[in-house]
1. Could you pull out the residue among 551, 497, 536, 519 that is farther than 22 Å from residue 451 by Cα, of a type in the set (A, V, I, L, M) and modelled with pLDDT under 95?
2. If you go through the range 575-629 one residue at a time, how many are among the β-branched types (Val, Ile, Thr), within 27 Å of residue 711 (Cα to Cα) and assigned to a strand (DSSP E or B)?
3. Can you tell me which residue in the range 530-547 is farthest from residue 331 (Cα to Cα), limited to those that are hydrophobic (A, V, I, L, M, F, W, C) and surrounded by 24 or more Cβ atoms within 10 Å (Cβ to Cβ)?
4. Select from the range 206-220 the residues that are in a loop (DSSP other than H, G, I, E, B) and open to solvent by 20 Å² or more (accessible area, probe 1.4 Å) and list them in ascending order.
5. Could we say that residue 607 is within 43 Å of the chain's Cα centre (by Cα), surrounded by fewer than 19 Cβ atoms within 10 Å (Cβ to Cβ) and modelled with pLDDT of 95 or more here?
6. Anything in the range 436-465 that is under 22 Å from the mean Cα position of the chain (by Cα) and open to solvent by 20 Å² or more (accessible area, probe 1.4 Å)? List them, or say none.
7. Select from the range 699-723 the residues that are charged (D, E, K, R) and at pLDDT below 95 and list them in ascending order.
Amino acid sequence: MMRQGFRRRPTNRFTLCLGMGWLALLALQIQSRGLGGDPQQIAAWWSFDDPAGGVVLDSASNREDPLEGNYTVVEGISGRAVRFDGFTTALIRRFQEAPCIEGDFTLDAWVAVAAYPWNWCPIVAQERGEEAGYFWGIGPQGHLGLKLSVGGLWVECLSQDPIPLRTWTHVAAVFIEGQGPKVYLNGRPAGQVRMEGGLLPAPRTDLRIGMNRKKVIPAHAVPPGAGTLPSWYALDGILDEVRIQTAGLMEEEILDLAGAVRPKSEPDLPVRILPSGPPGPGRFGAYYTHLEYYKEWDALWRVADHPDVVVQFDGSPVRVVFWRGLRYSPAWVTENGLWLADQSGESGNEEGCVEHMQDIHCLYSHVRILENTPARTVVHWRYAPVSSRNRLWTAQERTGWAWWMDEYYTFYPDGTGVRKLQWRPPEHGNEFPWLQIQETSVLCHPGQNAEDVLEPEALTLLNLDGEMRTFGWPDDDSNNTRLRRNMHPDPSIVRDLGLEHPVIQVVNMRAEAKPFLILEPGNKPLVYVGRVRPKLVDFPAYNHWPVCQILSDGRFAQAADRASSFSISYNTPTRHSEAGGKTWAAMLYGATFEDPAALVPLARSWIRPPALEIVAGNGENLGYEVSQRAYVVRRTGSAPETAIELEFRANPVSPFVNACLILQGWGSGEVDIARDGRPLTPGEDFRSGTVRTPGGADLLLWICHTSESPFRLTIRRGGFPCP
């Protein structure tokens with residue numbers, strides 16, 4: 001592949017001369033390491049054996065070059081090697097000391113790629129734009145490429161096949177005047193461009209290994225791409241035995257180089273798993289922790305010991321993770337480590353999407369634990385949606401306040417969590433062109449495809465009558481549904497669901513636990529499952545979120561090499577208004593190990609809770625708060641309350657399925673509870689907790705009970721009289 005645009009320029013030739021003594025030492029090193037090559041032709045050789053003090057020795061010239069950024073010394077193909085971090089690692093040789101290649105040349109190295117770069121990234125490069133010099137590197141889809149200025153043309157020679165991931169690969173590139181460039185994988189020809197002409201070098205340009213000389217726009221951005229910006233990145237993987245030779249080697253010589261040494265072990269590339277804390281059931285509640293992903297990513301973060309939050313349930317192996325890698329957007333993690341997350345407040349403007357996903361350093365996103373009692377746990381996530389240009393959405397011009405979102409997650413021992421989103425809409429003139437607050441996002445660990453995490457019959461919707469419909473993929477024989485994404489309308493999206501009033505959504509992950517979502521009536525979902533295909537590269541799957549550090553509001557995954565996400569549905573939760581000009585919405589989350597139909601009573605109990613009546617005792621019934629999944633009763637009178645009797649008028653339409661009871665002003669201390677006169681067992685039938693307030697303390701009671709008939713609860717301090 002060639003691109004024109006530059007006239008032919010004359011070239012000046014020179015040769016790099018070495019003393020005979022040094023040539024002898026170089027020949028001895030070649031022999032001892034078994035790597036092959038002619039010492040008289042080797043202009044540079046970085047073996048990465050001992051980058052002590054942040055410098056790497058070039059054995060051909062006996063020069064030391066600075067190795068910048070974060071890196072790890074690991075076992076190499078021969079001796080030691082360097083694992084580049086994908087973010088900051090670069091080796092730079094100043095042009096005054098660089099071997100200015102003219103005429104025929106050969107480049108070779110050993111690589112083990114952990115993830116393909118966001119766009120082209122050099123193994124070795126000494127180029128000036130697309131005008132002069134050469135660029136030998138790896139592309140965003142894993143192809144090996146030699147790009148260079150030949151005879152007034154900028155020529156690109158690419159391998160037909162990508163470099164395989166997570167395995168040692170010998171890579172080489174050869175340029176011979178009159179024949180053109182050729183690239184090799186493991187000693188075999190992989191791509192060639194036949195052409196006449198000589199190389200136009202870039203002698204006054206620094207030579208770089210492992211990183212571009214300027215920020216580069218990530219490739220394969222989601223159209224229109226306004227939110228994808230030039231970014232820094234580096235090779236992500238191991239680099240070893242990088243050599244530059246001042247001769248164009250023949251095919252059999254390249255094959256000899258590739259076969260001169262065999263890997264002693266698999267490359268030191270630890271498996272990357274999104275961190276979710278210890279597996280299995282744990283003590284119910286939330287705790288602060290420091291979740292570790294992989295060494296190179298973790299090293300970027302300027303955080304202390306407790307930046308993340310994990311919620312565990314004592315009756316379920318499922319947990320909920322608030323982690324920096326998701327900008328603290330919570331994810332439900334199944335018993336076998338599959339992740340399901342959720343889109344949060346999002347809008348957009350001329351800069352692209354404005355959302356929490358663009359807050360790659362969590363500058364505006366933080367999480368804190370508000371309550372942690374045996375009865376319930378409350379986690380608060382606060383964030384300001386932001387563009388990839390790090391600009392907030394101005395909500396009020398005169399005060400300078402931006403758009404902020406507060407999300408409260410109230411978790412209960414039965415493995416559920418109520419999500420309440422709260423925000424203040426912008427003033428007139430700064431309105432949202434659109435606002436999205438819920439979209440179901442499936443996450444993949446590096447190495448996973450859709451077929452690894454999601455059942456083909458991927459999504460089930462139900463209504464309160466128990467009617468259901470399941471949606472699967474693929475919906476036809478097409479393999480690339482990315483092209484449909486920007487169609488209006490997208491034919492892959494199911495709008496006519498064939499189901500009236502759906503309020504329950506179950507995601508059929510390849511796990512025993514199936515995450516679910518329950519919404520208030522009025523929801524109008526869209527189903528995206530028709531876009532999904534088994535492999536990430538065949539449909540709109542994205543790797544700009546989670547965990548990535550490039551500036552992008554949308555980038556299509558090119559392989560299953562990075563953590564990725566894809567959406568399968570969009571819901572429109574009912575919005576409510578409250579004092580202070582605020583808007584809020586509530587949803588109920590969890591994960592079920594039962595048939596989806598078993599969720600109908602739970603949904604009814606939350607959407608149509610049974611009426612509560614105070615039968616005896618002093619108190620004011622403040623009603624049922626759907627945003628807390630709780631009944632609220634306020635103590636009346638000045639004397640401390642010692643007993644109260646409540647009746648829940650449950651029936652099949654409005655069943656009682658577990659609930660929280662908030663007794664405001666009751667203070668702290670233990671209580672005894674009886675249901676229809678039968679004493680309940682603490683920890684089994686109910687759990688209690690206390691939340692201190694400026695005016696005293698509220699008593700929290702978690703009632704573990706299911707009923708379609710009325711029943712009474714008697715709550716008493718000091719116990720019940722003996723029968």
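The values are calculated or read from the model by the stated rules, or taken from the named source; none is laboratory data. Every value quoted in this text rests on a predicted model; they were computed, and no experiment measured them. Note that we place each Cβ from the backbone using ideal geometry, even for glycine, and neighbour counts take in every protein chain shown. Each accessible area value is taken on the protein alone, full model and side chains, heavy atoms only, with ligands, DNA and RNA left out. Shrake-Rupley method; radii C 1.70, N 1.55, O 1.52, S 1.80 Å.
1. On the way: 551 fails: modelled with pLDDT under 95; 536 fails: farther than 22 Å from residue 451 by Cα; 519 fails: modelled with pLDDT under 95.
Going through 551, 497, 536, 519 in turn, the sole match is 497.
2. Going through the range 575-629, the residues among the β-branched types (Val, Ile, Thr) turn out to be 583, 592, 600, 607, 614-615, 626.
Filter again for within 27 Å of residue 711 (Cα to Cα), leaving 592, 600, 607, 614-615, 626.
Checking the rest, the ones that are also assigned to a strand (DSSP E or B) come to 592, 614-615.
Result for the range 575-629: 3.
3. If we filter the range 530-547 for residues that are hydrophobic (A, V, I, L, M, F, W, C), which is where we start, we get 532, 536-537, 539, 541, 545, 547.
The next check asks that each one be surrounded by 24 or more Cβ atoms within 10 Å (Cβ to Cβ); those that pass are 532, 536, 539, 541, 545.
Numbers: 532: 20, 536: 20, 539: 22, 541: 17, 545: 13 Å.
Among those residues, the one meeting the criterion is 539.
4. The first filter runs over the range 206-220 and keeps only residues in a loop (DSSP other than H, G, I, E, B), leaving 206, 210, 212-215, 217-220.
Those that are in a loop (DSSP other than H, G, I, E, B) and open to solvent by 20 Å² or more (accessible area, probe 1.4 Å): 206, 213, 214, 215, 217, 220.
5. Working: within 43 Å of the chain's Cα centre (by Cα): yes; surrounded by fewer than 19 Cβ atoms within 10 Å (Cβ to Cβ): yes; modelled with pLDDT of 95 or more: yes.
Here the answer is yes, as residue 607 does meet what is asked.
6. Pass one, the range 436-465, residues under 22 Å from the mean Cα position of the chain (by Cα): 436-455, 458-459.
Within the range 436-465, 436, 439, 446, 447, 448, 449, 451, 452, 455 qualify.
7. First, the residues of the range 699-723 that are charged (D, E, K, R): 708, 712, 716-717.
Answer for the range 699-723, where residues must be charged (D, E, K, R) and at pLDDT below 95: 716, 717.
Rundown of residues vs (1) over 27 Å from residue 263 (Cα atoms); (2) buried (at least 17 other Cβ atoms within 10 Å of the Cβ); (3) free of Cβ contacts under 8 Å to residues at least 40 places away in the same chain, yes/no style:
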| residue | (1), (2), (3) |
| --- | --- |
| 162 | no, yes, no |
| 166 | no, yes, no |
| 174 | no, yes, no |
| 185 | no, yes, no |
| 188 | no, no, no |
| 197 | yes, no, no |
